[in-house]
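Peer 1: Have a look at this one.
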Amino acid sequence: MSSAKENRAISEKQSKIKWLWENMKGYRALYILGIFGTILYNFLQLTVPHFMQQVIDTYLSGDNAAENLANDRKGFYIMLIAMVGITFFRTSVVYYTCMLFERVSQAVLYRVRNFLYDKVQRQDMKFYATYRTGDLMTRLTGDLDAVRHMVAWVIRSIIESFSLFLSTMIYFFIMDWKVALSMLILAPFVFITIVLFKKKVGPKHNALREKLSHLNTAAQENISGNRVVKAFAREDYEIKKFDERNKDYSDTNKDTALTWLHYYPFIETFADIMPVVLLVTVGLFIINGQLTLGEYAAFSGLVWALCNPMRNLGSIINEFQRFSSASAKVMEIYYSEPHIKDKEDAVDMPERFRGEIEFDHVDFKYDDGELPVLTDISFKAKPGETIAIMGETGCGKTSLIHLIPRFYEPTKGTVKIDGVNVQDMKLKQLRGNIGLATQDVLLYSNTIDGNIAYGDESLTEKEVVKFAKYSAASDFIAKMPEGYETIVGERGVGLSGGQKQRISLARALAVKPSILILDDTTSAVDLETEKVIQEGLRNLDFKCTKIIIAQRISTTKFADKILILKDGKIIESGTHEELIKQHGYYYDVVKLQTGEEESLKGGIA
């Protein structure tokens, strides 16, 4: 069982490294050059101790040292100059190698972040219902930084440590295999400690990453909902809640750091014992005449090249586990695919849609829901018609309109536009012909002009003003300090609910859609303003089919057809006059809103 888990873990690591390699496309040659540079400058670490050995044995302490120094001063100076020159050359190699790794890491970071953002933008509603905003932000920031750190530092450190350790051991074996073996006595203990540390710290990094995600989510939700917090005077409660999340993250962070500190003394002890082992071993060999003083200097000058890689292994494993946890989350989004996407044989419809809509025995329920939201929905809207939808809260009105732009797929039946199943259309063409304005308005931190022209940046100022007039927004915009160039705050802070709804409606109209969907868009405006909006919608300079969710009779009475939903089913269908005669739900709503039952007998509200 454990071997199977290990095999899966090895396979997972290989796939992560392969994923990094895929994202180095265009920079792989530079990265390989950086790897060779790392190996080169670690190999050059051996040259100075080697020359030092030659200098000591030839010119300082050998049998003919004085004679060699007197007769061959030029050779002595050449060795000294070579040592200095190689040191400067090695320093240059180190600098340019680090620059190569950093350049590639930044390129990978840039590429992956753009790719992830593109992925997130193209996901469907199920994706956004699954992932929290704070979690997505963590993946696009902190997790990606761990990936960049892996490319820039961790891999370089692994190559550096192993190449330095391996080249030094080979040099030791060439000089004296007995000394080399004595240096390797402690190596197994270090590697056993590292393996134990790796098993212990892996789960802790996974937990740490989740705690950070929860912390970011709490902060994001609190900042987005700041008005609600202040309205209920819950600042202290939110501060306390954030403090709990922050403490949870801090404790997990400390626990992860302390795990390394528990193992660090063992690794450090083994590394510090190495010079002692060298001193004892080489000292005995010098006493017995088996080593020269120069060879001792070379061994002594390189013992750090065995100790440091051992010390670094713990930090490398720690950072690798951090990368492993972070990259798993990044790759989850990287390789995710939306459930709703274009078919390979999707119908190409480049021309403007006529706007005919047909629901044919449509059923729908959410993936995480047990009960159906819509049942056997059938109706047809001809091009240019206005369809009003009414019903109690939770009856499925919003779910119904979300099926038109394919935010969700029906579980049964078909939704057609111009006689073509929306599932067979290209999403960009489908949604490009639909204008949508919802009750919950999102405005961007931009000018009013920029928000209205969001769907079509080529709009002229004159056209923007025209669409603002259609939505009864032009009057209040003209009174603002900078008019259409007024910057609205995040999510439209500084505007009333009705003002935001009117800008949202203007934005939906500005794309000149074939189908206009309004989800209770005039709920926050007064009756007089609504009357102006209805007049504007009836006199648009382009033809479009309108699907309007509304609760006011003043909005629905001019519709070509009114649909009454209850428990996900259409229980009434007809014009204003026809529904009044049925004395059903619509009749009761009209009576409730007008307060005049007698006036309904004639079919006039």
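Peer 1: Out of Leu527, Leu509, which single residue is open to solvent by 30 Å² or more (accessible area, probe 1.4 Å) and either in contact (Cβ under 8 Å) with a residue 24 or more places away in the chain or within 14 Å of Ser474 (Cα to Cα) (or both)? Step through it out loud before you land on a result.
Peer 2: Numbers: Leu509 fails: open to solvent by 30 Å² or more (accessible area, probe 1.4 Å).
Leu527 is the lone residue from the list that is open to solvent by 30 Å² or more (accessible area, probe 1.4 Å) and either in contact (Cβ under 8 Å) with a residue 24 or more places away in the chain or within 14 Å of Ser474 (Cα to Cα) (or both).
Peer 1: Determine the pairs where a residue that is in contact (Cβ under 8 Å) with a residue 12 or more places away in the chain and assigned to a loop (DSSP other than H, G, I, E, B), located within the range 376-403, has a partner that is of a type in the set (Lys, Arg) and surrounded by fewer than 16 Cβ atoms within 10 Å (Cβ to Cβ) with Cβ atoms under 8 Å apart, the partner being 6 or more residues away or on another chain.
Peer 2: Filtered contacts from the range 376-403: Pro383/Lys543; Gly384/Lys543; Glu392/Lys566; Cys395/Lys566.
Residue-by-condition table, conditions (1) of a type in the set (A, V, I, L, M); (2) within 18 Å of Phe320 (Cα to Cα); (3) part of a helix (DSSP H, G or I); (4) touching a residue at least 60 places away in the same chain (Cβ under 8 Å):
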residue: Lys199; (1), (2), (3), (4): no, yes, yes, no
residue: Arg209; (1), (2), (3), (4): no, yes, yes, yes
residue: Leu215; (1), (2), (3), (4): yes, no, yes, yes
residue: Val228; (1), (2), (3), (4): yes, no, yes, no
residue: Ile239; (1), (2), (3), (4): yes, no, yes, no
residue: Ile267; (1), (2), (3), (4): yes, yes, yes, yes
residue: Asp272; (1), (2), (3), (4): no, no, yes, no
residue: Val277; (1), (2), (3), (4): yes, no, yes, yes
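Peer 1: List the pairs whose first member sits in the range 582-595 and is closer than 12 Å to Gln551 by Cα, whose second member is modelled with pLDDT under 90 and surrounded by 13 or more Cβ atoms within 10 Å (Cβ to Cβ), and whose Cβ atoms are under 6 Å apart, counting only residues at least 6 apart or on separate chains?
Peer 2: Matching pairs, first to second residue: Val590/Ile553; Val590/Ala605; Gln593/Ile553.
Peer 1: Only one of these conditions is not met by Ile553: (1) more than 41 Å from the chain's Cα centre (by Cα); (2) loosely packed, with under 15 Cβ neighbours inside 10 Å. Which number is it?
Peer 2: Here Ile553 clears every test but (2).
Peer 1: State whether one or more residues within the range 413-421 are open to solvent by 40 Å² or more (accessible area, probe 1.4 Å) and more than 32 Å from the chain's Cα centre (by Cα).
Peer 2: The answer is yes, given that some residue of the range 413-421 is open to solvent by 40 Å² or more (accessible area, probe 1.4 Å) and more than 32 Å from the chain's Cα centre (by Cα).
Peer 1: Something else about it: Open to solvent by 40 Å² or more (accessible area, probe 1.4 Å), of a type in the set (S, T, N, Q) and either in a strand (DSSP E or B) or modelled with pLDDT of 90 or more (or both): is that true of Gln439 in this structure? Break it down into steps so the answer makes sense when it comes.
Peer 2: Details: open to solvent by 40 Å² or more (accessible area, probe 1.4 Å): yes; of a type in the set (S, T, N, Q): yes; either in a strand (DSSP E or B) or modelled with pLDDT of 90 or more (or both): no.
Here the answer is no, as Gln439 does not meet what is asked.
Peer 1: Quick check: anything in the range 326-334 touching a Pro at 6+ places or on another chain (Cβ under 8 Å) and either surrounded by fewer than 19 Cβ atoms within 10 Å (Cβ to Cβ) or not in a strand (DSSP E or B) (or both)? Outline the logic, then answer.
Peer 2: First pass over the range 326-334, keeping only residues touching a Pro at 6+ places or on another chain (Cβ under 8 Å): none.
Within the range 326-334, not a single residue is touching a Pro at 6+ places or on another chain (Cβ under 8 Å) and either surrounded by fewer than 19 Cβ atoms within 10 Å (Cβ to Cβ) or not in a strand (DSSP E or B) (or both).
Peer 1: So how many residues does the range 282-295 have that are in a helix (DSSP H, G or I) and either surrounded by 20 or more Cβ atoms within 10 Å (Cβ to Cβ) or of a type in the set (Asp, Glu) (or both)?
Peer 2: Selection size over the range 282-295: 3.
Peer 1: Sticking with this structure for a sec: For the range 568-584, what are the residues that are surrounded by fewer than 17 Cβ atoms within 10 Å (Cβ to Cβ) and either in a helix (DSSP H, G or I) or in contact with a Gly (Cβ under 8 Å, 6 or more places away or on another chain) (or both)?
Peer 2: Of everything in the range 568-584, those that are surrounded by fewer than 17 Cβ atoms within 10 Å (Cβ to Cβ) and either in a helix (DSSP H, G or I) or in contact with a Gly (Cβ under 8 Å, 6 or more places away or on another chain) (or both) turn out to be Ile571, Glu577, Glu578, Lys581, Gln582.
Peer 1: Would you point out which residue out of Asp251, Asp236 is exposed (fewer than 15 other Cβ atoms within 10 Å of the Cβ) and closer than 30 Å to Leu442 by Cβ? Working first, answer last.
Peer 2: Details: Asp251 fails: closer than 30 Å to Leu442 by Cβ.
After ruling out the rest, the residue left standing is Asp236.
Peer 1: Would you pick out the residues in the range 400-412 that are open to solvent by less than 30 Å² (accessible area, probe 1.4 Å) and either of a type outside the set (Val, Ile, Thr) or touching a Gly at 6+ places or on another chain (Cβ under 6 Å) (or both)? Break it down into steps so the answer makes sense when it comes.
Peer 2: Residues of the range 400-412 open to solvent by less than 30 Å² (accessible area, probe 1.4 Å): 400-401, 403-406, 410.
Once the filter is applied, which keeps residues that are open to solvent by less than 30 Å² (accessible area, probe 1.4 Å) and either of a type outside the set (Val, Ile, Thr) or touching a Gly at 6+ places or on another chain (Cβ under 6 Å) (or both), the range 400-412 yields Leu400, Leu403, Pro405, Arg406, Pro410.
Peer 1: Looking at the range 340-363, I want the residues that are more than 12 Å from Asn421 (Cα to Cα) and have a partner that is crowded, with 16+ Cβ neighbours inside 10 Å and of a type in the set (Phe, Trp, Tyr) with Cβ atoms under 9 Å, at least 6 apart or on another chain. Which pairs are those?
Peer 2: From residues that are more than 12 Å from Asn421 (Cα to Cα), the pairs are Ile340/Phe407; Ile340/Tyr408.
Peer 1: Next question. Is there any pair with a first residue in the range 463-478 that is without any contact (Cβ under 8 Å) to a residue 12 or more places away in the chain and a second that is assigned to a helix (DSSP H, G or I) and surrounded by fewer than 23 Cβ atoms within 10 Å (Cβ to Cβ) whose Cβ atoms are under 7 Å apart and which are 6 or more apart or on different chains, and what are they?
Peer 2: Between residues of the range 463-478 that are without any contact (Cβ under 8 Å) to a residue 12 or more places away in the chain and residues that are assigned to a helix (DSSP H, G or I) and surrounded by fewer than 23 Cβ atoms within 10 Å (Cβ to Cβ), the close pairs are Ser474/Val465.
Peer 1: Tally the residues that are modelled with pLDDT of 90 or more, surrounded by fewer than 11 Cβ atoms within 10 Å (Cβ to Cβ) and among the acidic types (Asp, Glu), restricting the search to the range 345-371.
Peer 2: Start the filter on the range 345-371 by keeping residues that are modelled with pLDDT of 90 or more, which leaves 345-365.
From what's left, surrounded by fewer than 11 Cβ atoms within 10 Å (Cβ to Cβ): 345, 348, 350-351.
Filter once more, so that each one left must be among the acidic types (Asp, Glu): 345, 348, 351.
So the count comes out to 3.
The values are calculated or read from the model by the stated rules, or taken from the named source; none is laboratory data. It should be emphasised that the depicted structure is a prediction, and the values quoted were computed from it without experimental measurement. Ideal geometry is used to build each Cβ from the backbone, glycine not excepted, and the neighbour counts take in all protein chains shown. These area figures cover heavy atoms from the full protein model, side chains too; ligands, DNA and RNA do not enter into them. Shrake-Rupley method; radii C 1.70, N 1.55, O 1.52, S 1.80 Å.
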